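The values are calculated or read from the model by the stated rules, or taken from the named source; none is laboratory data. Computed from a predicted structure; not experimentally measured. Methodologically, a virtual Cβ is constructed for each residue, glycine included, from the backbone with ideal geometry; neighbour enumeration extends over all protein chains shown.
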Amino acid sequence: MEYISTRGQVAPIGFIDAILMGLADDGGLLVPKTIPQVSADTLRAWQGLSYQELALEIFSLYVNDEIPRADLKKLVDDSYATFRHEDVTPVRRIRDDLYVLELFHGPTFAFKDVALQFLGNLYQYVSQKTNSIIHILGATSGDTGASAIEGVRGKAGIRICILHPHGKVSKVQELQMTTVDDANVLNLAVEGTFDDCQRIIKELFADVDFKHRYHLRAINSINIARILAQTVYYFYAYFRLADQGQAGKISFSVPTGNFGDIFAGYLARKMGLPIHRLILATNENNILERFVSDGIYQPGEFRGTYSPSMDIQVASNFERYLYYLYGEDSTAVTALMAQFKAEGRLEIPADKLATVQSEFAAYGVQNDECLDAIGDYHARYDYLLDPHTACGVAAIDKVAGSGEATVALSTAHPAKFDEAIRLRSIAQTYPPQIKALFDKPQHQRVVGGTNDAIKDELVRFF
């Protein structure tokens, strides 16, 4: 297995080098040179596996022999031993045609734990085996930061700096990051939006001299390991519905702002998992919905919403999808991304739009719709949705077809977003781990939203 850039200017590299490179050195994103194909017979054999066993089989397709199987198994087992549920990502039936895939049973109560517990352990393994310096730099709209920090805090040979938009994450999300006082952790609250944080990260990684001088490694979903880890729970959820007799069309509704979580589902389908449809659920920052609707990718006005982890206008994983949409033509992708950088928009032709619409349905959920879904599902099914999951469920109610069972990806525990939950007069009890955060001191620095301001902090820290 080798990895190449969506822009075609990076020689094929192995799995470990791909993880360490993060953002491709030519500014593109790394993808597998070929996508492993999983046969129907293999799918049937995998159906009886535990989550950990399934993860091992899928990772093995992408790692080859760079990590011995025994070592890879230990990485997988150690990563998911931190989860509170024995199934790691259990599937809950809400009604006959709707299931919820609970991805929030990891240490920070968010779906990012599924990938970042593994990536944290993987980085430590690589550091020890190759004597590599691991300086992690990442941006978060709320959940990635806490999960990334939890994955590497206190680990020898690793330092991590996380940027988050000052005042634009939930209080629990902020506390999960900023109450960590380990010496290898730096939190920077950036004056601006998540898109500003993400732009800074990508531009610093694109500065190859700076990236190499300070040994910068990526923790965001620009790192292909994040995507690979997230494909596992699509397979796992599909198998759990099959266990319950769902033999027809099975679709997934994915709350997404950065296109990473839904791209993992797209990759799973390209591997051979017979997903019927992928429903792309956004909030009022609906650039991705507009792309699926009219083929134009253009940021709109930023809107603060009750689902802040999706308050994103520029989706960092969108380029990976363009690469496959354009038949793995890196020259076409390079031209499109150059156009987007110069003009702030790109538009695809009608034939490409038809392909997009055959692969995705999309719906942008308004703020009140999100809250209404929380209240409605709590009243009707005694099930409490966080506002991001509520967007996924609301999208199902709008666009799901008859005769299909749909899995809504539940990306966070509702306790992380009590500000929104209380707007529908719903009281909830905090898990003890979250309740304890409110009594801890915070550690963060507020900085300006410029590359130079962040560089200055990194030079001092690393």
Exercise for the section: Inspect all residues belonging to the stretch 42-58 and state whether any of them is farther than 28 Å from Phe83 by Cβ and not in a helix (DSSP H, G or I). Expected result: no
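Residues are listed down the side, and each one gets a yes or a no for (1) more than 24 Å from Ala139 (Cα to Cα); (2) touching a residue at least 60 places away in the same chain (Cβ under 8 Å):
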{"site": "Ala315", "(1), (2)": "no, no"}
{"site": "Gly327", "(1), (2)": "yes, no"}
{"site": "Ala332", "(1), (2)": "yes, no"}
{"site": "Ile348", "(1), (2)": "yes, no"}
{"site": "Gln357", "(1), (2)": "yes, yes"}
{"site": "Glu369", "(1), (2)": "yes, no"}
{"site": "Ile374", "(1), (2)": "yes, no"}
{"site": "Tyr381", "(1), (2)": "yes, yes"}
{"site": "Gly392", "(1), (2)": "no, yes"}
Handout entry: Yes/no for Phe104 being surrounded by fewer than 24 Cβ atoms within 10 Å (Cβ to Cβ) and at pLDDT 95 or above
Key = no
Exercise for the section: Can you tell me which residue within the stretch 157-167, out of those that are touching a residue at least 24 places away in the same chain (Cβ under 8 Å) and outside any strand (DSSP E or B), is nearest to Val446 (Cα to Cα)? Expected result: His166
Handout entry: Unmet requirement for Asp182, which otherwise passes all of (1) in a loop (DSSP other than H, G, I, E, B); (2) more than 18 Å from Gln198 (Cα to Cα); (3) at pLDDT below 95
Key = (3)
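Of all residues in the stretch 323-338, count the ones that are more than 23 Å from Thr193 (Cβ to Cβ) and not in a loop (DSSP other than H, G, I, E, B).
11
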Exercise for the section: Mind listing just one residue for me: the one in the stretch 200-250 that is crowded, with 24+ Cβ neighbours inside 10 Å and either touching a Cys at 6+ places or on another chain (Cβ under 7 Å) or among the basic types (Lys, Arg) (or both) and, of those, farthest from Ile162 (Cα to Cα)? Expected result: Arg226
Problem - Positions within the stretch 168-179 being out of contact with any Phe, Trp or Tyr (no Cβ under 6 Å at 6 or more places or on another chain), more than 23 Å from Ala156 (Cβ to Cβ) and part of a loop (DSSP other than H, G, I, E, B), in sequence order - result: Lys168, Val169
Exercise for the section: Look through Lys455, Lys352 and report the one residue that is in contact (Cβ under 8 Å) with a residue 60 or more places away in the chain, outside any loop (DSSP other than H, G, I, E, B) and basic (Lys, Arg). Expected result: Lys455
Exercise for the section: Return a yes/no flag: does the stretch 283-300 have any residue that is within 18 Å of the chain's Cα centre (by Cα), small (Gly, Ala, Ser) and either in a helix (DSSP H, G or I) or over 29 Å from Cys161 (Cα atoms) (or both). Expected result: no
Practice task
Please determine, by comparing only the residues of the stretch 291-308 that are free of Cβ contacts under 8 Å to residues at least 60 places away in the same chain and out of contact with any helix residue (DSSP H, G or I) (no Cβ under 6 Å at 6 or more places or on another chain), which one is surrounded by the most Cβ atoms within 10 Å (Cβ to Cβ).
Solution key: Gln298
